[in-house]
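Chemist: Sharing a structure here in structure tokens format.
The numbers here are math on the coordinates, done by the rules we state, and not lab data. Model, not experiment: these values are computed from the prediction. Here Cβ is always computed from backbone atoms with ideal geometry, including for glycine, and neighbour counts include all displayed protein chains.
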Amino acid sequence: MRQIINATGTDIITLWEYEDGKVSRRKYSFYPWIFASGSEYDLDMLARELDVVRGISYSYTTHRNVYGQLHGIEIILKQSQIDSVVEAIGVIGLSRKLSVYNAGISQHLRFMAEKGLSFFGTGSRYDPDPEIPSVVIGGRADFSGITSINIDGNEMAPTRSSFSDAADAINNSLIILYSNARLVFQKILNRISDMGYRLPSYTVGNGSSYESYGRVLHKSPEISMPGKLCISADSFIYSESGLPGLYEVSRMSSLPIVQASRVTPGTAVSSLEVSHAIRSGILVPLHKDDHEKEKPATDLFDRDKGGIVLQPEPGIYEDVTEIDFSSMYPSIIVRYNLSPETIDSNRGTMLPGSDYRVDMEKAGFLSSALRELLERRLMYKSLREGNPDIQKRDAALKWMLLTSFGYTGYKNAKFGRIEVHEAITATGRWAFATAMKLAEKHGFHVIHGIVDSLWLSGNGDIDGLLNEIREKTRIDIVIDGEYSWIAFFKGKNGIGSPGRYLGRRKNGTFKVRGLEIRRSDFPAFARKFQMEALDIFRNCKNRADILSMAGDLRALERRFVRELTTFSLYDFAIETRVSRHMEEYRVNNLQRAAMKFFSSSGDDIMPGESVQVIVSDRKHGILQLPEKSTGIDRNFYLKYLRRSFESFDFLVAGAKGPQVILPY
């Protein structure tokens, strides 16, 4: 089956088509259009200016945005002319008077949407992805150079043979998945070239530090090769969902796969909405102009509340069922037809849990745009058992759906509106509270709940409960876990922590949240302790079984303390992310010590970068690289080890007392 796997070019679009292991390329001339709407006087002024611009044509016409029909000027031009024409509109003083649409859109997304095409198109949702030759290349490097090469998970010493293997793998693959953190892939390519092995030419972009959701992050320089699809293996979407997930994001967003790998899930959702608008003949605003309306401060207290998070009573609970609303917020958007143009305070059907009304007669833009995304995700969720590729597609769509809600309240979202955001959370709180009441009615006790999930104990009618919740809320809800027991842990303040728990499912697997085993900034030897501790309790089906393993846990703790210095030095590596420049740190913490250590060797760390170090003497700030380390600060690492003991010590202590369930 012939599939489009990439698009390149600006005014001439080149589609890469893949079939039977071969890539063919087709070129297409492409003349997009932009649209300006405003008063007749301002439009006529714009027309006079356009009369002297070469290579464009324009006409007065009407198009529709999400709110209705607009009269204005349609300008047909080359993609390369769009920015200069939009800039000229601002120069002549019309940027505040005219609303500009369909500018600032990726030319590849627009071409695919206008022509009704899809990347990685399949005959049905069940069809497999194409088998495209690919390789994953990374490695390790220090101040002296490359210390190891990793090809498809096989780590090798940096010998002439391994560099030759890396060159062959790159030349024989169409998709190159590379890790360039700390410039390691760039150094590998340079070394291959220096050795005289044949490689495609390559270009290196610039790295940059940026802030996202309050965190300082760093993007490593991107690598490009002509004729190859070069994708950073450190990208969020790839790291969460692999190649099948990237194929799915590219398929749904109309973005070429390399571009899809570089954007956030929120940007992928925005691209999906833009693609849907183009395919539906709806204008895409260059700048959002339907800003939040003025409202009393009391409205903020009434409406801007987010989701409900309960605080569990710390302890162990037996025979627990976890139920979960499937993609709650996107489901509310789709089921209740929420969109900027359908929501109103005065007309339509009253939303449950809210004082907003919504027009249910006409299909809303936002609900229509997200419907296929939601339906695909729910289908994948039902099919993912035993199918790794479907699991990865499901993971990618899960992240897109998670961010689709937050994007409705983002101030620059092209199709966002704060009232929609508030209506979604209000309906979500109502659905959550409704589920709690129905759970009690059906004979359960609610022991914990977070936004769209509830943990229940008791011997009620679970099927009857789920059916009634679906009927009352119009949102699908499923059993997400059945536990022999689950332990909710204390936070630092001594009260129950909503996000720290450990549950043993009845099939013998565990669900772990908030423990050190899930933290990448915790040294591996301490995580290994928790993995072995889990094995001790794997066959424990009740509190008595847990208590019976207290001796085994104590023996394990003593062994790890006794054998602390026998672990591989790599097990003591601590990954630390710096958030500012060295001179901006006021205390000599681990981040500043790491920056000072690397800087002394001529290798500066940029804000947002992560590095791995071993602490040899914390008091004197002496750090070393894992591959160069000569020893560890035993007392420093003992603190990490004892922290990893705490949750399991609490588990055993909690098994001694009776189970107490406090009603909400």
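Chemist: Kirkwood hydrodynamic radius (Cα pairs, Å) of the chain?
Modeler: After inverting the pairwise mean of 1/r, the radius is 28.5 Å.
Chemist: Only bridges whose two residues both fall in the chain count here: according to DSSP, what percent of them are antiparallel, nearest 5?
Modeler: Antiparallel bridges: around 90 percent, rounded to the nearest 5.
Chemist: Still on this model: Find how many whole Å separate the alpha carbon centroid of region 1-66 from the alpha carbon centroid of region 433-484.
Modeler: 50
Chemist: So, one more: Projected onto the charge dipole of the chain (+1 at Lys/Arg Cβ, -1 at Asp/Glu Cβ, origin at the Cα centre), which of GLY266, ILE12, GLY508 gives the Cα projection farthest towards the positive end?
Modeler: GLY508
Chemist: Further question: Based only on other Cβ atoms within 10 Å, what is the fewest-to-most ordering of THR425, THR566?
Modeler: Going from least to most buried by this count: THR566, THR425.
Chemist: Sorting check: for 157-169, 108-120, which peptide has the highest mean count of neighbouring beta carbons within 10 Å, and how do the rest follow?
Modeler: 108-120, 157-169
Chemist: Which residue, ALA47, SER382, GLY602, has the largest displacement toward the positive end of the dipole of the chain when charges sit on each Cβ (Lys, Arg +1; Asp, Glu -1)?
Modeler: Going by the charge dipole, the pick is GLY602.
Chemist: How do TRP455, TRP430, TRP33 rank when sorted from fewest to most other Cβ atoms within 10 Å of their own Cβ?
Modeler: By the 10 Å Cβ count, ascending, the order reads TRP430, TRP33, TRP455.
Chemist: Name the residue from LEU625, PHE650, GLN612 whose Cα lies farthest towards the positive end of the charge dipole of region 554-664, charges +1 on Cβ of Lys and Arg and -1 on Cβ of Asp and Glu.
Modeler: PHE650
Chemist: Please list the radius of gyration and Dmax for region 1-76, considering alpha-carbon atoms only, with Å as the unit.
Modeler: Considering region 1-76 through its Cα atoms, Rg and Dmax are 18.5, 57 Å.
Chemist: What number comes out for the charge environment of LEU15, summing +1 per Lys or Arg and -1 per Asp or Glu over other residues with Cβ under 9 Å away?
Modeler: +2
Chemist: I've got another one for you. Tally Lys and Arg at +1 and Asp and Glu at -1 over the other residues with C-beta under 15 Å from the C-beta of ARG371: what net charge comes out?
Modeler: Result for the neighbourhood of ARG371: +3.
Chemist: Convert 4 °C to kelvin, take the viscosity as 1.567 mPa s, use the Kirkwood radius over C-alpha pairs of region 535-664 as Rh, and evaluate the Stokes-Einstein diffusion coefficient in µm²/s, rounded to a whole number.
Modeler: 74
Chemist: Moving to a separate point now. Run down the aspartates and glutamates and flag those whose C-alpha is under 16 Å from the C-alpha of LYS619, throwing out any fewer than 8 positions away in its chain.
Modeler: ASP633
Chemist: A further question follows. Would you mind computing Rg(Cα) / (2.2 N^0.38 Å) for region 134-279, counting N as its residues?
Modeler: So the Cα radius of gyration is 1.12 times the expected 2.2 N^0.38 Å.
Chemist: By average Cβ neighbour count within 10 Å, what is the ranking of 100-107, 17-24, 479-486, 623-630 from highest down?
Modeler: Top to bottom by mean Cβ count within 10 Å: 100-107, 479-486, 623-630, 17-24.
Chemist: Express in whole angstrom the spacing between the alpha-carbon centres of region 356-386 and region 511-561.
Modeler: Value for the Cα centre distance between the two parts: 40 Å.
Chemist: Here's something else I'd like to know. Run down the aspartates and glutamates and flag those whose C-alpha is under 12 Å from the C-alpha of LYS187, throwing out any fewer than 8 positions away in its chain.
Modeler: Of all the aspartates and glutamates, those that pass the test against LYS187 - Cα under 12 Å, at least 8 places apart if same chain - are ASP142.
Chemist: With N set to the number of residues, divide the alpha-carbon radius of gyration of region 472-553 by 2.2 N^0.38 Å and report two decimals.
Modeler: After normalising by residue count via 2.2 N^0.38 Å, the value is 1.27.
Chemist: Right, next: Which value at 222 nm does the chain reach when only helices count, each DSSP H run of 4 or more adding -39,500 (n - 2.57), with the total divided by all residues and rounded to the nearest 500 deg cm²/dmol?
Modeler: Mean residue ellipticity at 222 nm (helix-derived): -12000 deg cm²/dmol.
Chemist: With no solvent and one equal point scatterer placed on each C-alpha of region 33-104, evaluate the Debye formula and give log10 I(q)/I(0) for q = 0.14 Å⁻¹, two decimals.
Modeler: -0.37
Chemist: Another question, if that's okay. When the dipole is taken about the Cα centre of the chain, and only Lys, Arg (+1) and Asp, Glu (-1) are charged at their Cβ, what size is it in debye, to the nearest 20?
Modeler: So the magnitude is around 1180 debye.
Chemist: I need the peptides 124-134, 587-597, 334-344 ranked by packing, meaning the mean over residues of other C-beta atoms within 10 angstrom, with the highest value on top.
Modeler: So the order, starting with the most tightly packed, is 334-344, 587-597, 124-134.
Chemist: Show me the GluC sites (Glu not before Pro) within region 552-604 that DSSP assigns to loop and that have at most 13 other Cβ atoms within 10 Å of their Cβ.
Modeler: Passing both the DSSP loop test and the Cβ count: GLU563.
Chemist: Something else about it: If the only charges are +1 at each Lys and Arg Cβ and -1 at each Asp and Glu Cβ, what is the size of the charge dipole of region 417-480 around the Cα centre, to the nearest 20 debye?
Modeler: 180
Chemist: Once you keep just the Cα pairs under 8 angstrom separated by 6 or more residues, what percentage relative contact order results for the chain?
Modeler: 11
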